[in-house]
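All of the numbers you see were taken from the coordinates with simple rules; none came from a lab. Because the structure is predicted, anything quoted here is derived from the model rather than measured. Methodologically, a virtual Cβ is constructed for each residue, glycine included, from the backbone with ideal geometry; neighbour enumeration extends over all protein chains shown.
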Amino acid sequence: MQQVVKTKELAAMAFAAFRLNNGIIKHTVRAEAGASDVKDVISNKEYIHKMLCEGMGHLVTDADHKLATEAIDALIQDELVMKVKGQVISLFNKALVDLVRTEETTSGNAVLISYLPAAHSQIQKVDTTRAHSFTSQHLGEIGTKVTFDLDVISSFWLQQYDCYSVFGSDGNGNLVRFLTSKKDCTISGKYVGKIKKAEVDGSRFNAKVTILHYVKAVDK
């Protein structure tokens, strides 16, 4: 039987689950009996169920509640902006926004609301990129070696190229992008690299973006 719950409470559980899974939306994987090299993976949905029904509500922190409230406000505001601009809102995003507008919901919406933290993260990335797009400048001439403090905005694995795509800003708010096979180059920190290309990125509010290569972390 589905349990009735305050929507904001369920949203806070979604952020707790997101935190417990290290900022990733995971799906449940059960290791086969006797397997020593595979561990069970607890999905975000399952974590939410445990918080609701198995006495694990103590896992939800005040910070999770705060993030949930911020995310709900951000999603509703983002939808309003998209409507004003005449932009198309995906059916998934509309369903998520419709859900977080409600005062109460049921445990059956645990799957949908588990994506709230990721949706909020995406909005923050877009807002950060937009803010930097007004002032971002190219770092120099092609071939120039540069040292910079990277603040990562987004990073993800490109299966077809067998590497990570990293996008962020330097310490002065200038936008940079590069590919790397090194996972330790996908986090914020001090790096050195060479300028490969300087472009105006139409997919990022026509911001000036510096494309780098041969990027490596600077030893501390």
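Given the pairs K50/K85; K45/K208; K50/K125; K8/K182; K45/K197, which span a C-alpha to C-alpha distance of over 32 angstrom in this model?
K50/K85; K45/K208; K8/K182; K45/K197
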By how many nm would the segment from T135 to S181 grow when fully extended, if each residue of separation counts as 0.36 nm and the alpha-carbon distance is taken off? 13.6 nm
Zone residues, the stretch 194-220, relative to K145, backbone N less than 14 Å from point 7 Å out along Cα-to-Cβ: 194-195, 213-219
Here the net charge surrounding S155, from other residues whose Cβ is less than 12 Å away from its Cβ (Lys, Arg +1; Asp, Glu -1), is +2
Here the gain from full extension of C53 to L91, 0.36 nm per residue of separation minus their alpha-carbon distance, amounts to 10.7 nm
Among [x] 0.94; [y] 1.02; [z] 1.04, the entry that matches Rg/Rh (Cα atoms, Kirkwood Rh) as calculated here: [z]
Quick one: what are the phi-derived ³J(HN,Hα) couplings along the stretch 76-92, Karplus 6.51/-1.76/1.60 with θ = phi - 60°, whole Hz, x for glycine and proline? 5, 5, 5, 5, 4, 4, 4, 5, 4, 7, x, 7, 7, 9, 5, 4, 5
With the crude spin-label approximation of a point 7 Å out along Cα→Cβ, what separation in nm comes out for V84 versus T106? 3.6
Label F205 and A118 with points 7 Å out from Cα along Cα→Cβ: what is the distance between them in nm? 2.5
Counting other Cβ atoms within 10 Å, which trypsin sites (Lys or Arg not before Pro) in the stretch 45-153 have at most 13 and lie in a DSSP loop? R101
Note down the relative contact order for the chain as a percent, whole number, built from C-alpha pairs under 8 angstrom at least six residues apart. 18
Stretch V192-D162 to full length: gain in nm at 0.36 nm per residue minus the Cα-Cα span? 8.7 nm
Nearest 10 degrees is fine. How inclined is helix 44-53 to the longest principal axis of the chain, computing both from alpha carbons? 30
